[in-house]
Every structure is written in structure tokens, then in C-alpha cells.
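J.: Got a structure for you, questions after.
The values are calculated or read from the model by the stated rules, or taken from the named source; none is laboratory data. Since we're looking at a predicted model, the values are computed, not measured. Quick reminder, even Gly has a Cβ in these numbers, built from the backbone with ideal geometry, and neighbours come from all protein chains shown. The accessibility values were calculated without ligands, DNA or RNA, using every heavy atom of the protein model including side chains. Shrake-Rupley method; radii C 1.70, N 1.55, O 1.52, S 1.80 Å.
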Amino acid sequence: MKIIIGDACTGFGVCEGIRPDVFEVNDEGFAEATDEGLTDADREDIEYAAGQCPTQAIRIEY
């Protein structure tokens, strides 16, 4: 699974609130994600975080 955060990100931090171990709003105010070590068990949370993004900036590739 690969997490892609697009240019629409405005740094609301909703994703970080859901999975702070995966998402983080950087010093510039945009979200970053690490997809290292994610398993199928993480999939539901990651998809939920993507769905909750106010700007729909998070995309997941499988």
C-alpha cells in the first residue's frame, strides 16, 4: 500500500488525528505520510483517514 498526499492538502491534520503514527503535518503546514511497515491490518484506518480528509488530498494505491 502506498499513501499519496496531493497538492490539495491544506494541513487540517484530520489524518494525523486518526493515525499519528502514519500521518504528520510538517513545518510548512502540509501532511506527510509514511507507508513503511504498514500491513493489511492498517488498511481500514488508512482508508478511513483518507475518506475524512476535508480536501480529499489523500490517495491510496494498492
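J.: Residues of the chain: accessible area per residue at 1.4 Å, in Å²?
T.: The answer is 65 Å² per residue.
J.: Next question. Stokes-Einstein D for the chain at 20 °C, 1.002 mPa s, Kirkwood Rh over Cα pairs, in µm²/s?
T.: The Stokes-Einstein estimate is 190 µm²/s.
J.: Still on this structure, please answer the following. Tell me which GluC sites (Glu not before Pro) from the chain have a DSSP coil assignment and no more than 11 other beta carbons within 10 Å of their own.
T.: Glu28, Glu36
J.: For the chain, with a Gaussian network of springs between Cα atoms less than 10 Å apart, report the residue from Ala31, Ala41, Ala50 with the top mean-square fluctuation.
T.: Ala41
J.: I would also like to ask the following. Could you work out how far helix 43-52 tilts from the main Cα principal axis of the chain, as a 0 to 90 degree angle to the nearest 10?
T.: Between the helix axis and the principal axis of the chain, the angle is about 20 degrees.
J.: Between Arg59 and Glu32, what length in nm is gained on full extension when 0.36 nm per residue of separation is reduced by their alpha carbon distance?
T.: 8.5 nm
J.: Please state the charge dipole magnitude for the chain, taken about the Cα centre, from unit charges on C-beta atoms (+1 on K and R, -1 on D and E), reported in debye and rounded to the nearest 20.
T.: Magnitude of the dipole: close to 240 debye.
J.: With a 1.4 Å probe and all protein chains left in place, how much of the accessible area of the chain comes from carbon and sulfur atoms, in whole percent? Don't skip to the end; give the middle numbers.
T.: Values: 1760 of 4030 Å².
It is 44 percent, rounded to a whole number.
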